[in-house]
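In what follows, a single structure is set out as structure tokens and then discussed.
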Amino acid sequence: MTSLPPQPLSPLDGRYRAAVGDLGEHLSEAGLNRARVHVEIEWLIAQTDRGFFGTSPLSDHQKQALRQVVADFGQPDIDELGSLEATTRHDVKAVEYYVRRRLSDLGLDAIAELTHFACTSEDINNLSYAITVRDAVQQVWLPKYRAVVAAIAELAREHRDASMLSRTHGQPATPSTMGKELAVFAHRLERIATQIEATEYLGKFSGATGTFSAHVVALPDASWPEVSREFVTSLGLDWNPLTTQIESHDWQAELYGKVSHANRVLHNLATDIWTYISLGYFRQIPAAGATGSSTMPHKVNPIRFENAEANLELSSAVLDSLAATLVTSRLQRDLTDSSAQRNIGVGFGHSLLALDNIQRGLTEIDLDRELLLADLDGNWEVLGEAIQTVIRGEVVAGRSTISDPYALLKELTRGKRVGAVELATFVEGLEIGDAAKQRLLALTPASYTGLADELVDRL
């Protein structure tokens, strides 16, 4: 058998690349290396701006030329770094040598020794990861997430008055509207979005064990904590002043926990939509030329929501593992985080793929309002709650002497189907005030939705 040419091992880089490829701009080895180059160059500029060791600030032209290295970072640079790492066997050292070459190209050899000055690899890595994760979340994942929330909210408003039978424990229950039920999901997801948007992306820049030891020996007069704070915040990150060799990753654990929480709410949405489809509440809109089953021509399968379920589960598995692993580092540093963090893109990739499926799936369903009404009309017994509640009020008001309204309605409705005629006859015979009786006689399962319609305005 002939061997296959090299193939992507993960479906995220194969079958689903079109849906998740934008994450590769940030959460890939190349994206990480570009961020590392960015941090190294900005540190060079920061040092010369401060005149370390008698240096003069670089000219605007020189700064622009250095920053252009980051802006133009592409395949030749990726290949060059790969070649350097093959020799150094150290990814960050390869970046240092790469930056030194660029300094030489620009005639800036005089400041070459300031490249990676007083840095441990983790000073560069933690800032680079913070930059890439921040940009991936803010520029790729959150916009897709917000688009899904907006689509759910739009459907909620469209179907705000679509009365439907609720099913607590899977059994007929007090009616709601499809709009209100979708609004619950939009509200939950919006709340999580607000929390994710408030994420602190923390960074440290304090040397081999977080003590500024080499810094103080080399430049004893510098205010190193202030230098560190200014540099970290200049990158658009939040400064962590107290760390070991590594930034403690607590912000990552917090972020991944919130994204995993969002995944689980979306999973709940996907299973509910799937169930509404199975009940016939939503009709699926067939796509021209698509096949639902290889043997049953009639089928239109809810594959968008099933695909989303699987990918949300995979995403949460990875992100939960990262959150658990990254908060522990033996003593002042171990390498468990190094391999773990290379899977951040996998966690976000499966979540992004799920979001894409949900977004598309929501455009491929249509609410069957007639079926909803027929379902309601077959379950008049759900009005038992309304009747026994009204009776209770009438007893308190002195207009009824019924001793146990709940038991009375339980006897009438529990485990039984009660039609409109039987229920009306029952209400007519109740010892309650006329106004209350008329309210109950006017009630139907379709109209027994309380404030469901108005609650959608809470979005």
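Read-outs throughout are calculated quantities, based only on the coordinates presented, and are distinct from any laboratory measurement. Owing to the predicted nature of the structure, the values given are computational and were not obtained by experimental measurement. In this analysis, Cβ positions are derived from the backbone assuming ideal geometry, glycine residues included, and neighbour counts consider all displayed protein chains.
Electrostatic bookkeeping for Glu80 treats Lys and Arg as +1 and Asp and Glu as -1; over the other residues with beta carbon under 15 Å from its beta carbon, the sum is -3.
Loop-only GluC sites (Glu not before Pro) in the stretch 358-459, please: DSSP not H, G, I, E or B, and at most 16 other Cβ atoms within 10 Å. Counting only loop positions with at most 16 other Cβ atoms within 10 Å, the GluC sites (Glu not before Pro) in the stretch 358-459 are Glu431. Within the shell of other residues whose beta carbon sits under 11 angstrom from the beta carbon of Val149, the net charge comes to +2, with Lys and Arg scored +1 and Asp and Glu -1.
Cα centroids of the stretch 201-280 and the stretch 298-374: 21 Å apart. If we count every other residue with Cβ under 15 angstrom of Arg50's Cβ, Lys/Arg +1 and Asp/Glu -1, where does the sum land? Summing Lys and Arg as +1 and Asp and Glu as -1 gives -3. Here the dipole of the chain is about 660 debye; that uses its Cα centre as origin and unit charges on the Cβ of Lys and Arg (positive) and Asp and Glu (negative).
With the cut-off at 16 Å, report for the stretch 179-240 the share of all Cα pairs above it, as a whole percent. The calculated P(r) of the stretch 179-240 puts 61 percent of pairs beyond 16 Å. Shown here is the pair-distance distribution of the stretch 62-145: with all Cα-Cα distances grouped in 5 Å bins from zero up to the longest one, the shares run 3, 12, 17, 23, 22, 11, 6, 3, 1, 0 percent. Computed over the alpha-carbon pairs of the stretch 175-319, the distance histogram in 5 Å steps reads 2, 8, 12, 13, 11, 10, 9, 7, 6, 6, 5, 5, 3, 2, 1, 0 percent, short to long.
A P(r) calculated from all alpha carbon pairs of the stretch 82-193, with 5 Å bins opening at zero, reads 2, 10, 11, 11, 11, 8, 6, 6, 6, 6, 6, 6, 6, 4, 2, 0 percent. Dipole check for the stretch 386-439: with +1 at the C-beta of Lys and Arg, -1 at the C-beta of Asp and Glu, and the Cα centre as origin, the magnitude is about 240 Debye.
Under Stokes-Einstein, with the Kirkwood radius over Cα pairs as Rh, the value for the stretch 230-385 at 10 °C and 1.306 mPa s is 83 µm²/s. Charge dipole (Cα centre; +1 on Lys/Arg Cβ, -1 on Asp/Glu Cβ; no other charges) of the stretch 324-397 amounts to roughly 840 debye.
When Rg and the Kirkwood Rh are both derived from Cα coordinates, the Rg/Rh ratio for the chain amounts to 1.16.
Between 0 and 90 degrees, the angle of helix 250-279 with respect to the longest Cα principal axis of the chain falls at about 30 degrees. Going by Cα centres, the stretch 1-62 and the stretch 107-124 are how many Å apart? The two parts, judged by their Cα centres, are 17 Å apart. Counting only residues at least eight positions apart within a chain, or on another chain, the lysines with an alpha carbon under 21 Å from that of Lys144 are Lys258.
Projecting the Cα atoms of Thr87, Ala136, His116 onto the charge dipole of the stretch 54-147 (Cβ charges, centred on the Cα centre) puts Ala136 farthest toward the positive pole.
Per the Debye calculation on the stretch 150-192 with a single equal scatterer at every Cα and no solvent contribution, log₁₀ I(q)/I(0) for q = 0.22 Å⁻¹ amounts to -0.70.
Straight-line cross-link partners of Lys437 among the lysines, defined as a Cα under 20 Å from its Cα and at least 8 positions apart when in the same chain: Lys410. The residue list Thr243, Gly207, Ile391 was ranked by how far each Cα lies along the charge dipole of the chain toward its positive end, using unit charges on Cβ atoms, and Ile391 comes out on top.
When both bridge partners sit in the chain, DSSP labels roughly 80% of those beta bridges antiparallel. Plainly put, the stretch 378-452 has a radius of gyration that is 0.94 times its Kirkwood radius, both from alpha-carbon atoms, as the Rg/Rh ratio. Measuring how big the stretch 17-119 is from its alpha-carbon positions, Rg and Dmax come out at 14.5, 51 Å. Ranked by the mean number of other Cβ atoms within 10 Å of their residues, highest first, the peptides 168-174, 445-451, 254-260 fall in the order 254-260, 445-451, 168-174. Spin-label pair Val421-Ser56: with each label point 7 Å from Cα along the Cα-Cβ axis, the two points sit 10.3 nm from one another. Summary value for the chain: 17 percent relative contact order, contacts being C-alpha pairs under 8 angstrom separated by 6+ residues.
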